[in-house]
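Worksheet: the structure to be examined is printed underneath.
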């Protein structure tokens with residue numbers, strides 16, 4: 001019988017946080033992190049749907065990252 005593997009996944013209120021955003025968020029207490037995440041989720045649910053296609057989003061992301069294929 002195999003055992004269950006536990007992994008840790010870092011989550012941030014941004015899709016691609018900068019190093020400064022990571023440092024700021026990582027320095028918060030657990031409760032402060034929960035509040036920031038709740039606010040980001042609420043903002044996302046209240047925002048209108050994007051008119052961009054997934055292809056548009058990928059194209060923009062690749063243009064912003066010089067190391068992307």
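Every read-out reported here was derived from the displayed coordinates using simple, explicitly stated rules and does not represent laboratory data. As the structure is a prediction and not an experimental result, all values here were calculated from the model. Methodologically, a virtual Cβ is constructed for each residue, glycine included, from the backbone with ideal geometry; neighbour enumeration extends over all protein chains shown.
Counting other beta carbons within 10 Å of each residue's own, what order do 9, 57 fall into, fewest first? List each step's numbers first, then the result.
On the way: 9 4, 57 12.
So the ranking, lowest neighbour count to highest, is 9, 57.
From the alpha carbon gyration tensor of the range 13-56, can you work out the equivalent ellipsoid semi-axes (sqrt of 5 times each eigenvalue) and give them in Å, largest to smallest?
Details: eigenvalues 121, 45, 6 Å².
Equivalent-ellipsoid dimensions as semi-axes: 25, 15, 5 Å.
Relative to the longest principal Cα axis of the chain, at what angle does helix 30-46 sit, 0 to 90 degrees, rounded to 10?
30 degrees
How far, in degrees from 0 to 90, does helix 54-64 lean away from the longest principal axis of the Cα atoms of the chain, to the nearest 10?
Roughly 80 degrees between the two axes.
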